[in-house]
Amino acid sequence: MRDAQSRRPGGRWEDVNALDPGTRGPRLLRHGGTRYELQERLGSGGMGDVHAARIVGGLEQRVCVKRLAGRLAPTHAEALRAEARVLARVRHSNVVSLLAFADGDGDGLEDADGGPFLVLELVDGLDLRALCAGLAPDHVAHSVAVHVACALLRALAAVQRCLPGLVHRDVTPQNVLVSTHGEVKLGDFGIALARDRTCWIRPHLVKGKPGYMSPEQIRGDEIDPRSDLFAVGIVLYELLTGERPWRTGAAGGSLREMIDVVHRAPVPIAVRCPSIDPGLAAAVERLVARCPADRFATAEDALRAVACFGAGELGSLRLASFVAAAGGCGA
């Protein structure tokens, strides 16, 4: 750990040893008049780290802090700022909320401990990948799977209302958070792609996670929000069957799966889940269609087709019980 002085508001680490000589205190970030004490690390990636944090003073609220790691390129700092701009526009119960954004010095490349950071709501629970890993068998009841898919479709519909044309590009189980109350929230807009191409990501750069990228995303073609609908279809298929449509267990791993997504038809969901309602099967098949024109036109259209197979608020209660059974707990 490296300490740095807090010279001004805007995301500097506070030197806690200077505040309390001889005592190794917790790491603190400050934005304006608010101080955040970083606690356990929740995740990390190529750009930075995500920590649980506590707002010091007041109500001692627990939040989530997403910050850059070390001296990264100016484009990474701009990526974080762009994510903040997206979340500031999209306010919906199925999207992780932005609470604050510290912009650092605002000049691109920042001091390693003084760069921009996001303060997000902390969702007590598990991500969808961890939730399914903690369940036996590795698939869930149809009504619960539909409940998750509908929540994701509502989130994407909200994104399109606020930012038409924006593509999340990373709708995967790792980025779907399920709370102890059964709430479902989509997070991590870090590689979202704007239609106007003023985004920090080059339009044809392949970004996303193998197994959930659409064929056009894998090829590096132009993509639109229907690419996110494809990812929702993969998530729903996997929840219903415990497998992805193109994952066969054959040698080749992720690369083989991506090749199959582009060149082969998916395994029909009714083959792996014979008990599925034919109407729900048709909706899933349409979501994972390889050609964008064969998918639903919008998230709202997909939601209307899928929602009738859910269980309403009962889905939240069942999902909350799954989180408890899989080991999710509150702060």
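So here's what we get for this one:
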read-out: Selection within segment 32-67 - touching a Pro at 6+ places or on another chain (Cβ under 6 Å) and assigned to a strand (DSSP E or B); value: Glu37
read-out: Residue satisfying condition, being surrounded by 15 or more Cβ atoms within 10 Å (Cβ to Cβ) and at positive phi, within set Gly233, Gly312, Gly327, Gly242; value: Gly242
read-out: Extreme residue, nearest to Leu42 (Cα to Cα), among residues of segment 292-304 that are of a type in the set (A, V, I, L, M) and surrounded by fewer than 18 Cβ atoms within 10 Å (Cβ to Cβ); value: Ala297
read-out: Test: residue in segment 75-82 that is outside the structural domain of Val232 (by TED's automatic domain parsing), modelled with pLDDT of 90 or more, under 22 Å from the mean Cα position of the chain (by Cα) and within 30 Å of Leu128 (Cβ to Cβ); value: no
read-out: Matching option when the condition is closer than 20 Å to Leu229 by Cα, in contact with a Pro (Cβ under 9 Å, 6 or more places away or on another chain) and of a type outside the set (Val, Ile, Thr), among Ala283, Ala289, Ala307; value: Ala289
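The values are calculated or read from the model by the stated rules, or taken from the named source; none is laboratory data. Fair warning: this is a prediction, and the values are worked out from it, not measured in the lab. Reconstructed Cβ throughout: ideal geometry from the backbone, glycine too, with neighbour counts over all protein chains shown.
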